[in-house]
Amino acid sequence: MTDQIPQPDPDAPEWRNFYGRRAGKTMRPSQKSYLSEDLETLRPFGVTVEENPDRAPLDLSAVFGDARPVWLEIGFGGGEHMVHMAATYPEVGIIGCEPFINGVAMLLGKIRAAGVSNLAVHPGDVRELFDVLPEGSIARAFLNYPDPWPKRRHHRRRFVTQDHLLPLHRALAPGAEFRVATDIPDYMRQALDEVPKAGFVLEEHSGTAWKDWISTRYEKKALREGRLPDYATFRRV
């Protein structure tokens, strides 16, 4: 099924990926069916260069059917948080970006089970979406347990660098919230240092999660392995 997933333009400038694998172990037949049956209707058209070579801005009201507030999840993993937020806030539209196709399949299964309809899924790099999001169009963004890139020489691959944060700042509306959750102390240290440089202010930083938070599979794994969750809330200036 992966040959149905839009791929990056081979002629585009090379990116340093802030994520790891694009695919993992063989998927179950049910997960393959989710990809073949559900993804196309949930995928916003016009994100990839192939579909939108002129990089015309997306019409987000067309994606969700009205002018509701739109939130963005950067790398949704297995989709637990994204589906939980969609069910908790049905009046909001949520776009999730995830290049790991197994995670996309897991999310689609959770969407079916929960019966939520206020989600859109880009099975690829969020930077493709940044290219076509209207300026100031996103009301809230989430970065939950991103790939840690623990080796120092790989820190420039982390999402919390100016190459990624500045496009995020452009996409967010003034006053929009940006939440970061991680179990890697050095990742949070870098976030606390770099995110304000991109035009954000730190509102809160603690080991206590947000009231509407749901613990993800990555957080549970971290706790089992003795790593403590850390949460920060930034506000776009």
- prompt: Going by average Cβ neighbours within 10 Å, how do the peptides 151-160, 177-186, 228-237 rank, with the highest at the top?
  reply: 177-186, 228-237, 151-160
message: Could you report the chain's accessible area per residue, 1.4 Å probe, as an integer in Å²?
response: 48
- prompt: Counting each DSSP H run of 4 or more residues in the chain as -39500 (n - 2.57), what helix-only mean residue ellipticity at 222 nm follows after dividing by all residues, to the nearest 500 deg cm²/dmol?
  reply: -9000 deg cm²/dmol
message: I need the peptides 193-201, 50-58, 106-114, 26-34 ranked by packing, meaning the mean over residues of other C-beta atoms within 10 angstrom, with the highest value on top.
response: 106-114, 193-201, 26-34, 50-58
query: Taking the highest mean first, how do the peptides 84-90, 167-173 order by number of other beta carbon atoms within 10 angstrom per residue?
result: 167-173, 84-90
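The values are calculated or read from the model by the stated rules, or taken from the named source; none is laboratory data. The structure displayed is predicted, hence computed values, not measured ones. Virtual Cβ from ideal backbone geometry, glycine too; neighbours counted across all protein chains shown. SASA here: full protein model, heavy atoms, side chains in, ligands and nucleic acids out. Shrake-Rupley method; radii C 1.70, N 1.55, O 1.52, S 1.80 Å.
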